[in-house]
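Taking it in order: structure first as structure tokens, then the write-up.
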Amino acid sequence: MTEQLISVLTRHPWVGSAQWDRKHGALMVRPTADAMAVRPAPGALVTEYLEHWRHVYEFVYSSDELRHGDDLDLSGWRASDTGAPFSREHMLEWIEHAVGLVRRGNPRFVLEIGCGSGLLVHRLHTFTRSYVGLDPAGPVVQRLRARQLPSVSVVQAAAHHLTDDRVTAAVGQLAPHGRPDCVLLNSVTQCFPDERYLTAVLDDALDLVAPGGTVVIGDIRNLATAYDFARWLERALGPGRAAEEIDRCAAARVDADEELLCDPRIFADLARRHPRSVRVAYYAKPMRADTELTRYRYDVVLTVDAPSSAPARTILWHDLPARDTAGRLRALADSVRRETTLVTGIPNALLDYESAEAVEPARVAAVLPTDYALLLDSADGRLLAAGRPEHQPDPTAWPDDPPNAFCNDPFARYLRRRMPEVLTDYLELLTTAPSLPPIAVVQESSAA
């Protein structure tokens, strides 16, 4: 009977091989390369994973509960600790920050991957000649198309469709002789299955963008603060518990996280490996409210074929001529007015509870001129920097220990759960076995 089950299993398009494991009393299956491909065909495992997220967002956007207007649909934007919607003012700051990252590059043609309900489309298209938005969720695509925004084309497509004919046709129609000088992904990467998929999409974006253009990746969940976020959330959901229990529950929460989290240093690694010259800038969130969006997320801008810049004078925060936070902020503002300066080692008061020199990110951002930005000075965001993005030090100089991995792997967890479910149903349909043994997955990486 075992041989029959193996013979049936290997006919399934997801199964590359199957064998009986006597020690564990289970059928061990290995997925095919096609099923695991990061540029998936219909019916592949990665396609099914992404379809799950498409259905989630189609459901989210079917509600008008948090829709304040055609240009401000905040559906789904709720705090993890309370379940309550983020305040409208906080979300408007969040949107303004994302818009500012794009407009720093003065793009004429923006291609946005995962445009959603159009929070950024509505605010950016008037500053551009052409705007193409991609999104896999049909209802929001239809809604944006119905708006008939000038020089805007909206295509139903996922991130890995960036080089497909339907996308290149939309690009060619709006800008027949040009390439986008900004490819934008804002609050999208958390829905990607794994590091391989993220890298493939960003490689496509970097290949596509015009020389001197940018790839803006906004609102990234930070792997370097995953346990901090989980402990913060556990304390909020169950106050009064012992520290040991909080730590245990937090570890379990991180292990079970269904979204992709990225250590900031993955983007430096990607930039080093890409054949084009790519400069990386890491932005901290400067919003005033103390929420998970401000604490545990960050933004990255990749600038392609950028010209070199003159060096900046570097000053440590605690070396500024002042005795208190207010004085240091005044000294920082005065310093950057007089000469090009990068101030590093600024303790982030939202994450560093011990340093007497710590300051809230919004207070630093408020004193900076428009060509300066609030930047990361450590992978976990406990240290910040203030300066022009082109002067940000390479993350190899950051004080954090090297990461064990650049990303977590929600797809591997999905694969271990979903593939046995499907294959068990498959065997029940095609065999007459009175009972079926458990099925386990031996996962192997596959090329893009």
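Before we move on, is residue 149 over 29 Å from residue 259 (Cβ atoms) and in contact with a helix residue (DSSP H, G or I) (Cβ under 6 Å, 6 or more places away or on another chain)?
Criteria met by residue 149.
Which one is nearest to residue 148 (Cα to Cα) among residues in the range 165-222 that are polar (S, T, N, Q) and in contact (Cβ under 8 Å) with a residue 40 or more places away in the chain?
Filtering first and then ranking leaves 186.
Assuming residue 39 fulfils every condition listed in (1) basic (Lys, Arg); (2) modelled with pLDDT of 90 or more; (3) under 27 Å from the mean Cα position of the chain (by Cα) apart from one, which condition is it?
Condition (2) is where residue 39 drops out.
Does residue 146 meet the test of being without any contact (Cβ under 8 Å) to a residue 60 or more places away in the chain and open to solvent by less than 10 Å² (accessible area, probe 1.4 Å)?
So residue 146 does not fit the description; no.
Show me the strands (runs of 3 or more DSSP E) found entirely inside the range 329-448 where at least 1 residues are open to solvent by less than 10 Å² (accessible area, probe 1.4 Å) and either among the charged types (D, E, K, R) or closer than 24 Å to residue 102 by Cβ (or both).
Result: 341-347, 373-376, 383-387.
Given the residues 284, 312, 251, which is the only one that is small (Gly, Ala, Ser) and open to solvent by less than 10 Å² (accessible area, probe 1.4 Å)?
After applying the criteria, what remains is 284.
Mind checking which residues of the range 189-218 are over 19 Å from residue 268 (Cβ atoms) and of a type in the set (A, V, I, L, M)?
Those that are over 19 Å from residue 268 (Cβ atoms) and of a type in the set (A, V, I, L, M): 208, 210.
Could you tell me whether residue 297 is open to solvent by 10 Å² or more (accessible area, probe 1.4 Å), in contact with a Ser or Thr (Cβ under 8 Å, 6 or more places away or on another chain) and under 27 Å from residue 116 (Cα atoms)?
No.
Could you give every pair whose Cβ atoms fall below 7 Å, whose first residue belongs to the range 1-19 and is charged (D, E, K, R), and whose second residue is open to solvent by less than 80 Å² (accessible area, probe 1.4 Å), counting only separations of at least 6 or pairs across chains?
none
Go over the candidates 310, 366 one by one and state the one that is out of contact with any Gly (no Cβ under 8 Å at 6 or more places or on another chain) and at pLDDT below 95.
Every option except 310 fails the conditions.
Hey, can you tell me all the residues within the range 275-303 that are of a type in the set (S, T, N, Q) and part of a strand (DSSP E or B)?
Narrowing the range 275-303 to residues of a type in the set (S, T, N, Q): 277, 291, 294, 303.
Across the range 275-303, the qualifying residue is only 303.
Applying the selection to the range 115-144, what residues are assigned to a helix (DSSP H, G or I) and of a type in the set (Ser, Thr, Tyr)?
126
Sort through 178, 212, 172 and tell me the only one that's among the small types (Gly, Ala, Ser), open to solvent by 20 Å² or more (accessible area, probe 1.4 Å) and on the phi > 0 side of the Ramachandran plot.
212
Test residue 272 against the criterion of being at pLDDT 95 or above, open to solvent by 10 Å² or more (accessible area, probe 1.4 Å) and not in a helix (DSSP H, G or I), and give yes or no.
Answer is no for this residue.
Pick from 241, 196, 221: which is more than 18 Å from the chain's Cα centre (by Cα) and not small (Gly, Ala, Ser)?
Details: 196 fails: more than 18 Å from the chain's Cα centre (by Cα); 221 fails: more than 18 Å from the chain's Cα centre (by Cα).
One residue alone meets the criteria, 241.
Identify all residues within the range 152-169 that are open to solvent by 60 Å² or more (accessible area, probe 1.4 Å) and in contact with a helix residue (DSSP H, G or I) (Cβ under 7 Å, 6 or more places away or on another chain); write none if there are none.
Passing the criteria: 156, 163.
The values are calculated or read from the model by the stated rules, or taken from the named source; none is laboratory data. All figures in this text were calculated on a predicted structure; none of them were measured in a lab. No Cβ is skipped: glycine too gets one built from the backbone with ideal geometry, and neighbour counts run over all protein chains shown. Heavy atoms of the whole protein, side chains included, go into the accessibility calculation; ligands, DNA and RNA do not. Shrake-Rupley method; radii C 1.70, N 1.55, O 1.52, S 1.80 Å.
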